[in-house]
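Undergrad: There's a structure below that I have some questions on.
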Amino acid sequence: MPEAETKDSSDKEKENAKQDEKDKDTAAGKKSPKGSAKSKPDSAKGKPDSAKGKPGSAKGKPDSAKGKSAPAKSPTPGKAPAKAGGKGDKKKKEEPKTETPTDAEATEEEGLPEGVVPLFLSSKTQEIFHCRMDEDVTVENPIKIITKDEIMEDLRMRAGVCDFAPLKQDIINYPTDEILVVYDSEFKFGQNFYVALTEEAKEKILSAGVEDAEGEGAEAEEEIIYTYTPPESKEWVSLGSEKEIKEENVVENRRRIKVSVRRIRKEFGAPAKFSDRNVADAKDGYIECKGYDDRTFDLKKLELDKSTQAIPTLQEEGTQTDWKYPRNANTQYYPREFSNQEKDAILSSKNLPNFISDVTPRFKAALQQNEIMDVFFIDWLHLGDGDQSFGSKADNHLKEYQSFTDLQFSKEKRITCIQWHPTIKGVVAVSVAEKMTFDDRIDSAAKVIMTPSLILIWSFTDPIHPQLLLEAPDDIYSFQFNPSDPNIIAGGCYNGQVVLWDISAHADRLKQQRGGNRNKKTNVLPGFEDPNALKTPIVRYCAVSSIENSHKATITDLLWVPDHMEVNRMGVPQENKSLQNCQLMTCATDYCVLFWDTRPPKGPSQLLTKKTDDKGPKNPMGVPNTFKHLDLSWKPFLRVHLHKSEPGGDHSPTKFSISEKQGDRGSLNKATDGLDTSKSDAMGGGYYSSMKPGSGKEKRTLQSVKTHFYVGSEDGEVVFVDWMPQKDQDTGKIQTPKPDYYHAVHDGPVMSLQRSPFFNDVVLCVGGWTFTIWKEGINSGPILQSCASPVRYTAGYWSPSRPAVFFIAKVDGSVDVWDILDKTHEPSLTQSVSPVQITTIFPFPVSQKQHLLAVGDNAGTLHILEIPWSLRQPTPNELATVSNYVEREVKRRSFVVQRWDFREHEKREIENELKKKAGIAPNVTLTDEEVEYRMKQEYHQYKEEEQSFLRELGLLKEEDEPLPET
C-alpha cells in the first residue's frame with residue numbers, strides 16, 4: 001500500500017508540473033505581438049532549436065515550449081477546427097492563430113507573386129470596365145472580375161490606346177473567361193492595379209482575401225504594441241512660404257543718420273574710474289517703479305475672420321401691353337389766315353412800329369450768329385475730331401523705349417550728365433560718378449583712386465554692352481560733344497580739371513548697325529581670331545588741364561563756344577573765320593567761370609580738326625597726338641570772377657547760359673572791321689586804343705553779341721553779369737565787373753539753367769523746390785515763379801519742339817511735364833520713371849516722328865522714354881500764343897514794380913506827415929555842395945579822433961613846435 005500511494009502521488013506531481021508548464025507557455029504567447037510575421041524575429045532568435053528544426057517554415061515562428069517547436073498551419077475555410085469545451089482547448093486554439101502569418105503578409109515580404117503583373121489603368125479604362133478607384137473598388141474590397149471578352153472587345157476598339165495592350169498575348173492565352181484585377185491603393189508594386197495571369201495566382205489571391213476577412217475578428221481582440229519610429233529628414237520643398245517671410249521682414253527704407261563723435265586727443269585711452277555714491281547726492285538718483293494693477297489690461301482677445309457678400313435682390317417682373325391693329329390715317333387742314341379787314345387793322349395799329357423796333361436788333365443779332373457759326377452743327381458727333389490735332393487721350397504718357405545699365409561700370413553709381421551724339425542717331429553718352437560725399441571720398445581714397453572714372457557711350461543696337469568707354473582722371477560731372485567735330489569730347493572732372501578726348505579711331509564702331517557683328521571679319525582664318533575683338537575698347541584722354549590753373553572745385557557745367565565767334569583775352573567777341581568750335585567755357589563753385597582755348601598758343605589760326613596723320617607717332621598707350629600741346633600745361637585765357645554787389649562773399653556758380661546759340665550766325669552780318677572802340681572806353685585805360693587800326697587780315701568784332709550772361713549759384717541765386725573785364729574805379733585794376741543784378745529766389749542750388757530754343761531771351765531756371773522763368777531785360781525778377789513743390793526738383797529742360805512745354809525731374813523718381821498754355825499752377829502730366837532719384841534729363845528729336853527723353857537716375861540706369869505725339873507736336877499758333885503770354889507777363893511785372901514804387905512813395909509821405917504832427921522837421925534834400933562840405937567835416941573829425949587815439953597809445957610822437965625867430 002505505501003508503495004502504491006507513493007507511485008500515485010508521483011504521477012499527480014508530474015501531471016501538475018506539465019499543466020504548469022502549459023499555463024506558462026500560454027501566458028507567454030498572449031504577451032507577444034500577434035498576427036504579424038515581421039514582429040516576431042526576436043522570439044525566433046531566442047529559441048534557435050525551433051528555427052533550425054523546421055527549415056521550411058516562415059521566419060520568426062516562435063516556440064510554444066522550451067526547446068520544442070510547435071508550428072501550426074493556419075486553418076483553411078474547409079478545415080476549421082472543432083469547438084472544444086474548457087479553458088485548455090481555448091488556449092490551444094488561440095496559439096496557432098497568433099503565430100501563423102497570412103499568405104498576403106508572405107506576399108508583401110517575398111515581393112510580387114508569380115503570375116501577377118502590375119498594370120496602370122487610366123480613368124477612361126476604369127469607367128469602361130466599372131472599376132473606378134474608391135468607388136467600384138476600394139481598399140476594403142479591392143478585387144474586380146473582368147471577363148476575357150470585354151477586354152478583347154476593348155482591344156479591338158481602342159487598339160494600342162487600351163491599357164491592356166501590353167498584356168494582349170497573355171490575355172489571349174488565359175485558360176478561363178474570368179480575369180482577376182486587384183486595386184493596389186498603396187502602389188506597393190508600382191501601379192494602381194495588378195492582374196493575375198494564371199489560375200494559381202488567382203486562387204492564391206482569392207484565398208488570401210478570405211483568410212484576411214476571417215482573421216479580422218480575431219485580430220481585433222489582440223493587443224497591439226506600437227513601437228516609436230523616429231522621423232526621417234527629407235529634402236525641403238518650397239511652397240511659397242519664403243515670400244511671406246520676406247514680406248514680414250523689416251527693411252530699412254530711410255537713409256541711416258551719420259553721427260560724428262569727436263574727442264580731445266589727450267582723453268583717448270584715459271582710464272575710467274567708477275565709485276559708489278549716495279542716492280541722495282544726486283537729483284533723481286533713485287527712481288522707484290512700484291507695481292500696480294492695470295484695470296484696462298485684458299489678455300483675452302479673440303481674432304475673428306469674417307466675410308460678407310452683398311447680393312442684389314433678383315426680381316423678375318413682366319407686363320403685357322395691349323396690341324393695337326396698325327392702320328393708316330391722315331388728316332387735312334387749311335392754313336389760318338387773317339382777313340383783309342384784320343390785316344388793315346393790324347397794319348394801322350400803333351403797336352406794330354414799336355414791336356418792330358424792339359425786335360429788329362435781336363433779329364439782326366440772330367442773323368449774324370447764323371453767319372458766324374453753324375447752328376445745326378452736332379457737337380457730340382464731332383467731339384473726337386478736336387483731339388486729333390492734340391493727340392488722342394490714350395497717347396499722353398511717356399512710354400518706356402529702352403534702358404541701359406552696366407553691371408560693372410555703372411551699377412550703384414549716379415549718372416551726372418547725359419549727351420546725345422550730334423550726328424549719329426541712336427547713340428547717347430552718360431557719365432557716372434561715385435555716390436559719396438567729400439568726407440566719404442577722403443575716408444575711402446584708396447578705393448576711389450583704384451576705381452576707374454568713365455564715360456559710357458551706348459547704342460540702341462546693343463543695350464547690354466557699351467560701345468566705348470572714355471577713361472578720365474577723376475569722376476566726370478559735365479561733358480559735351482564738340483558740335484563741329486563730334487569726335488572731340490570735353491569734360492569737367494570732380495577735381496576741377498578739364499579733359500579732352502579724341503575718338504576718331506573708333507568712329508566707325510559707333511556707326512555700325514548691329515553690335516553683335518561689328519568686329520567680325522570674313523578674311524580672318526579659323527584659329528587666328530582676335531580674342532579682344534568683341535571687348536569694349538577703353539579710350540584714354542588726350543589732354544588734361546594743369547591742376548594749378550584749373551578750378552578748385554567740381555566743374556558743374558561746360559559749354560562749347562558757338563563756332564561763329566571766339567573771345568579774346570579781354571572778353572571781346574570776335575569773328576571765327578574757321579567756323580570750328582575751338583573754345584569752351586566751364587564753371588565751378590570756386591566763384592569763377594573760365595574760358596579755355598584748344599588751339600596751340602603760338603598758332604591761333606590752327607583748326608581744331610586739323611589732326612596729325614594716323615601714321616605719325618603716337619603715345620605708348622595709343623593716345624592720339626591731337627592735343628599733345630595742351631596736356632598738363634593747358635590753362636584758361638580768361639577768368640570771370642563773380643563778385644557780389646555788397647560785401648559778404650562771392651557767388652558760387654553751378655550753371656550758366658549765354659545768349660549766343662550754336663548754328664545761329666546772324667551776328668556775323670552785323671560785325672564791324674577792326675576793334676570795338678565803344679567797349680574800350682568802358683574798360684578804362686585805353687587797352688585797345690594803343691593798337692593799330694584793324695586791317696583786312698584782322699578779325700572783325702561782333703557788335704550784336706551780348707557779353708552779359710545768366711549764372712545760377714549754389715545758394716539759389718540767379719545772377720546777370722558781364723564777362724568782359726573792366727577797370728575798377730576804386731582799385732584801378734582790370735577785373736570782372738560786379739553783377740548788374742541778382743535775385744535769391746530759389747531755396748536750393750540751381751540745378752538747370754537753359755534758354756528756350758524758340759525765344760533766346762527766355763530762360764528756365766530750376767533749383768530747390770521751385771522753378772522760375774526769366775525774361776532778359778527784366779531786372780525786377782522772374783516773370784513766372786512756381787509754388788513750392790512737396791518734392792525737390794533735380795533737373796529741367798525745354799521741349800525741343802513745343803515752345804510752351806518743358807520737363808522737370810524730381811527726387812522721388814518722377815518727371816513733371818509742364819504746359820504754361822494749359823495751366824501754370826500744376827503740371828499737365830506727372831509720370832513715375834524710376835524708383836530712385838532722377839539726376840538729369842535730356843530730350844532729343846531723333847526724327848520728325850520720334851522724340852526721345854533720356855533720364856538718368858541715382859542707381860546708374862539710363863532710361864529712354866518715347867515722348868507722345870501730343871507732347872511733341874505743337875498746337876496751331878502755339879509760338880505766337882507763347883510770345884503773347886510772355887509779353888503779358890512782362891507788362892504784369894512792370895505793373896507790379898510800379899505798385900511797389902507807389903507804395904514806397906506812399907509810405908514815405910505817411911511817415912513825413914506823422915513827423916510833422918509830432919513836431920519833427922522833415923528831411924531836407926541837400927545839394928551836392930552841401931553834401932561835399934558835410935563829408936569834409938566828417939573826414940577832419942575822423943582824422944582828429946585817430947590822432948588822439950594814437951597819442952594815448954604812445955604811437956604818435958608830438959613834434960616840438962619851432963621857436964619863433966627874433
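The values are calculated or read from the model by the stated rules, or taken from the named source; none is laboratory data. None of these values were measured; they are calculated from a predicted model. Glycine also receives a Cβ, built like all others from the backbone with ideal geometry; neighbour counts cover every protein chain displayed. What goes into the accessible areas is simple: the full protein's heavy atoms, side chains included, and nothing from ligands, DNA or RNA. Shrake-Rupley method; radii C 1.70, N 1.55, O 1.52, S 1.80 Å.
Undergrad: Starting from region 491-505, keep only residues that are within 12 Å of SER546 (Cα to Cα), then list their pairs with residues that are among the β-branched types (Val, Ile, Thr) and open to solvent by 10 Å² or more (accessible area, probe 1.4 Å) whose Cβ atoms are within a distance under 8 Å, requiring at least 6 positions of separation or different chains.
TA: Once the first residue is within 12 Å of SER546 (Cα to Cα) and sits in region 491-505, its partners that are among the β-branched types (Val, Ile, Thr) and open to solvent by 10 Å² or more (accessible area, probe 1.4 Å) give ASN495/ILE547; ASN495/THR554; GLY496/ILE547; GLY496/THR554; GLN497/ILE547.
Undergrad: Of all residues in region 754-764, how many are closer than 12 Å to GLY796 by Cα and either of a type in the set (S, T, N, Q) or under 26 Å from the mean Cα position of the chain (by Cα) (or both)?
TA: Going through region 754-764 one residue at a time, the tally reaches 2.
Undergrad: Go through region 403-458 and count every residue that is within 21 Å of the chain's Cα centre (by Cα) and among the acidic types (Asp, Glu).
TA: 3
Undergrad: Test each condition in (1) in contact with a Leu (Cβ under 6 Å, 6 or more places away or on another chain); (2) open to solvent by 40 Å² or more (accessible area, probe 1.4 Å); (3) not hydroxyl-bearing (Ser, Thr, Tyr) for VAL846 and report the one that comes out false.
TA: (2)
Undergrad: Go through region 161-183 and give me each residue that's more than 10 Å from LEU119 (Cα to Cα), in contact with an Asp or Glu (Cβ under 8 Å, 6 or more places away or on another chain) and surrounded by 17 or more Cβ atoms within 10 Å (Cβ to Cβ).
TA: CYS162
Undergrad: Now, a different point. Need at least 2 residues that are within 21 Å of TRP818 (Cα to Cα) per element, so show me which strands (runs of 3 or more DSSP E) inside region 735-774 make the cut, counting only ones lying wholly within it.
TA: Result: 750-755, 762-767.
Undergrad: Go through region 121-160 and give me each residue that's outside any loop (DSSP other than H, G, I, E, B), open to solvent by less than 70 Å² (accessible area, probe 1.4 Å) and hydroxyl-bearing (Ser, Thr, Tyr).
TA: Across region 121-160, the qualifying residues are THR125, THR147.
Here's the yes/no breakdown for (1) within 21 Å of VAL561 (Cβ to Cβ); (2) among the β-branched types (Val, Ile, Thr); (3) at pLDDT 75 or above:
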position: PHE627; (1), (2), (3): yes, no, yes
position: ASP631; (1), (2), (3): no, no, yes
position: GLU646; (1), (2), (3): no, no, yes
position: LYS661; (1), (2), (3): yes, no, yes
position: ARG665; (1), (2), (3): yes, no, yes
position: MET683; (1), (2), (3): yes, no, no
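Undergrad: Inside region 545-571, can you point out the residues that are among the aliphatic types (A, V, I, L, M), over 17 Å from ARG599 (Cβ atoms) and in contact with a strand residue (DSSP E or B) (Cβ under 6 Å, 6 or more places away or on another chain)?
TA: Residues satisfying the conditions are ALA553, ILE555, LEU558, LEU559.
Undergrad: Would you confirm, using the coordinates I've provided, whether VAL897 is assigned to a helix (DSSP H, G or I), touching a residue at least 12 places away in the same chain (Cβ under 8 Å) and not acidic (Asp, Glu)?
TA: yes
Undergrad: Residue check: is GLN467 open to solvent by less than 60 Å² (accessible area, probe 1.4 Å) and polar (S, T, N, Q)?
TA: yes
Undergrad: Being modelled with pLDDT of 90 or more, open to solvent by 10 Å² or more (accessible area, probe 1.4 Å) and not in a loop (DSSP other than H, G, I, E, B): is that true of PHE720 here?
TA: In short, yes.
Undergrad: Name the residues in region 167-183 that are part of a helix (DSSP H, G or I) and touching a residue at least 40 places away in the same chain (Cβ under 8 Å), would you?
TA: LEU167, ASP170 - these are the residues of region 167-183 that are part of a helix (DSSP H, G or I) and touching a residue at least 40 places away in the same chain (Cβ under 8 Å).
Undergrad: Moving on to the next point. Can you say whether SER780 is modelled with pLDDT under 90, among the small types (Gly, Ala, Ser) and either assigned to a loop (DSSP other than H, G, I, E, B) or within 27 Å of ASN884 (Cβ to Cβ) (or both), as far as the supplied structure shows?
TA: For SER780, the condition - modelled with pLDDT under 90, among the small types (Gly, Ala, Ser) and either assigned to a loop (DSSP other than H, G, I, E, B) or within 27 Å of ASN884 (Cβ to Cβ) (or both) - is met.
Undergrad: Of the residues that make up region 914-925, is at least one open to solvent by less than 70 Å² (accessible area, probe 1.4 Å) and either touching a Gly at 6+ places or on another chain (Cβ under 8 Å) or in contact (Cβ under 8 Å) with a residue 60 or more places away in the chain (or both)?
TA: No: zero hits.
Undergrad: Another question, if that's okay. Scan the strands (runs of 3 or more DSSP E) fully inside region 424-480 and keep the ones with 3 or more residues being in contact (Cβ under 8 Å) with a residue 60 or more places away in the chain.
TA: 427-433, 468-472
Undergrad: Quick one: in region 397-441, which of the residues that are farther than 23 Å from SER752 by Cβ and of a type in the set (S, T, N, Q) is surrounded by the fewest Cβ atoms within 10 Å (Cβ to Cβ)?
TA: Among residues in region 397-441 that are farther than 23 Å from SER752 by Cβ and of a type in the set (S, T, N, Q), the one surrounded by the fewest Cβ atoms within 10 Å (Cβ to Cβ) is GLN408.
Rundown of residues vs (1) farther than 27 Å from LYS699 by Cα; (2) outside the structural domain of ASN487 (by the TED database); (3) at pLDDT 90 or above, yes/no style:
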| site | (1), (2), (3) |
| --- | --- |
| ASN549 | yes, no, yes |
| LEU558 | no, no, yes |
| VAL567 | no, yes, yes |
| THR586 | no, no, yes |
| THR589 | yes, no, yes |
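So that you can scan it fast, the table gives a plain yes or no per residue for (1) at positive phi; (2) more than 22 Å from the chain's Cα centre (by Cα); (3) modelled with pLDDT of 90 or more:
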site: ASP819; (1), (2), (3): no, yes, yes
site: PRO827; (1), (2), (3): no, no, yes
site: THR830; (1), (2), (3): no, no, yes
site: ILE838; (1), (2), (3): no, no, yes
site: GLN848; (1), (2), (3): no, yes, no
site: VAL855; (1), (2), (3): no, no, yes
site: ASN858; (1), (2), (3): no, no, yes
site: LEU862; (1), (2), (3): no, no, yes
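Undergrad: Return yes when VAL817 is hydrophobic (A, V, I, L, M, F, W, C), open to solvent by 40 Å² or more (accessible area, probe 1.4 Å) and either in a loop (DSSP other than H, G, I, E, B) or not assigned by the TED database to the domain that holds PRO463 (or both) and no when it is not.
TA: So VAL817 does not fit the description; no.
Undergrad: Within region 184-208, how many residues are surrounded by 19 or more Cβ atoms within 10 Å (Cβ to Cβ) and either part of a strand (DSSP E or B) or on the phi > 0 side of the Ramachandran plot (or both)?
TA: Qualifying residue count for the region: 4.
Undergrad: Just need a number here: residues in region 223-262 that are under 30 Å from PRO835 (Cα atoms) and either open to solvent by 100 Å² or more (accessible area, probe 1.4 Å) or part of a loop (DSSP other than H, G, I, E, B) (or both).
TA: Number satisfying all stated conditions: 21.
Undergrad: Continuing with the same structure: For LEU829, all conditions in the list (1) within 20 Å of THR556 (Cβ to Cβ); (2) among the aliphatic types (A, V, I, L, M); (3) open to solvent by 10 Å² or more (accessible area, probe 1.4 Å) hold save one; what is the number of the exception?
TA: With (1) within 20 Å of THR556 (Cβ to Cβ); (2) among the aliphatic types (A, V, I, L, M); (3) open to solvent by 10 Å² or more (accessible area, probe 1.4 Å) applied to LEU829, the lone miss is (1).
Undergrad: Take the conditions at pLDDT 90 or above, open to solvent by 100 Å² or more (accessible area, probe 1.4 Å) and either touching a helix residue (DSSP H, G or I) at 6+ places or on another chain (Cβ under 6 Å) or assigned to a helix (DSSP H, G or I) (or both) and apply them to LYS891. Does it pass?
TA: Taking the combined requirement at face value, the residue satisfies it.
Undergrad: Then there is this: Among the residues in region 510-531, are any outside any loop (DSSP other than H, G, I, E, B), at pLDDT below 90 and not β-branched (Val, Ile, Thr)?
TA: Looking through region 510-531, at least one residue is outside any loop (DSSP other than H, G, I, E, B), at pLDDT below 90 and not β-branched (Val, Ile, Thr).
Undergrad: Still on this structure, please answer the following. Let me spell it out: the conditions are (1) in contact with a strand residue (DSSP E or B) (Cβ under 8 Å, 6 or more places away or on another chain); (2) over 20 Å from PRO843 (Cβ atoms); (3) part of a loop (DSSP other than H, G, I, E, B), and LYS706 meets all of them except one. Which number is the exception?
TA: If we test LYS706 against (1) in contact with a strand residue (DSSP E or B) (Cβ under 8 Å, 6 or more places away or on another chain); (2) over 20 Å from PRO843 (Cβ atoms); (3) part of a loop (DSSP other than H, G, I, E, B), just (1) comes out false.
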